[in-house]
Amino acid sequence: MRILIVEDEPDLLSSLAQSVREEGFAVDTASDGEEGLYKAESTNYDAMILDIMLPKLDGCQVLEQLRKVKKTPVLMLTARDAIADRIHGLDAGADDYLTKPFDLNELLARLRALIRRAAGQASSTIEITGFKINTAAKTVHSSRGPILLTSREYALLEYLAQHRGQVISRSELYDHLFDENDSSLSNLLDVHVSNLRKKLGATMITTRRGQGYSIDA
Ligand code: CA
């Protein structure tokens, strides 16, 4: 899953980006409204964290422009006493909000909930052919116990599982699993798929030649 964070306070931006990356997300950043809008329009992010008080374009202006073209789930950040901002932001198309200062664990939980709802998933557990994926704890269990995955293997499995029954192209996977700072070699996706098949069984992920990968519904 790939997240865009738009925040103009440099310390908060870098600590947020680090924490969200540690949760296993790919993360892009922007430090003003114009750059944020440009990135949000040009990439299909799984969710966006958007500060409201921003230079160039404020968060509400970003939302109004973005909502003309994209439904990206948006968690907005507002000042504690700025009720008018929250109302304006929700009306402009924000999906949820947090007031500053916020608890990091609450932000991460709200982010996971936004992504789950966007995928039409009510629960944080996904069950597929003998495996249980817990998207809050980022763990996978079979009937025999936990299966240890690297964070990239987990991210790939979760993305395919959230979209099970659909063929997901390689370029879509690259867009959602890797961020703008990633310089991973293009064959790494095949390596991750191959490792997942070793750990979960050869039939879990289907290769559709020339189209991409899928997990059956
Ligand atoms: Ca700000």
Qualifying residue in segment 155-167 (condition: in a strand (DSSP E or B), in contact with a helix residue (DSSP H, G or I) (Cβ under 7 Å, 6 or more places away or on another chain) and within 18 Å of MET1 (Cα to Cα)): no
For segment 40-77: of the residues being over 23 Å from PHE25 (Cα atoms) and within 14 Å of the ligand (Cβ to nearest atom), which is surrounded by the fewest Cβ atoms within 10 Å (Cβ to Cβ)? PRO55
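Check LEU111, LEU90, LEU98, LEU173 and return the single one that is closer than 28 Å to VAL74 by Cβ and in a strand (DSSP E or B). Outline the logic, then answer.
Working: LEU111 fails: in a strand (DSSP E or B); LEU90 fails: in a strand (DSSP E or B); LEU173 fails: in a strand (DSSP E or B).
LEU98 is the lone residue from the list that is closer than 28 Å to VAL74 by Cβ and in a strand (DSSP E or B).
Given the structure, is ILE126 surrounded by 16 or more Cβ atoms within 10 Å (Cβ to Cβ) and over 26 Å from ALA40 (Cβ atoms)?
On the way: surrounded by 16 or more Cβ atoms within 10 Å (Cβ to Cβ): yes; over 26 Å from ALA40 (Cβ atoms): yes.
Yes.
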Within segment 29-39, track down each residue that is hydrophobic (A, V, I, L, M, F, W, C) and either part of a helix (DSSP H, G or I) or away from the ligand (no atom under 14 Å from the Cβ) (or both). LEU37
In segment 1-32, the residues that are touching a helix residue (DSSP H, G or I) at 6+ places or on another chain (Cβ under 9 Å) and of a type in the set (A, V, I, L, M, F, W, C): MET1, ILE3, LEU4, ILE5, VAL6, LEU16, VAL20, PHE25, ALA26, VAL27, ALA30
So, in segment 1-28, exactly how many residues are within 16 Å of the ligand (Cβ to nearest atom), within 15 Å of LEU108 (Cα to Cα), surrounded by 15 or more Cβ atoms within 10 Å (Cβ to Cβ) and more than 10 Å from the chain's Cα centre (by Cα)? 5
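Only the coordinates and a few stated rules stand behind these numbers; no lab work does. Predicted, not measured: the structure shown is a model, and the values here were computed from it. A quick note on method: Cβ atoms are made from the backbone with ideal geometry, for glycine too, and the neighbour counts reach across all protein chains shown.
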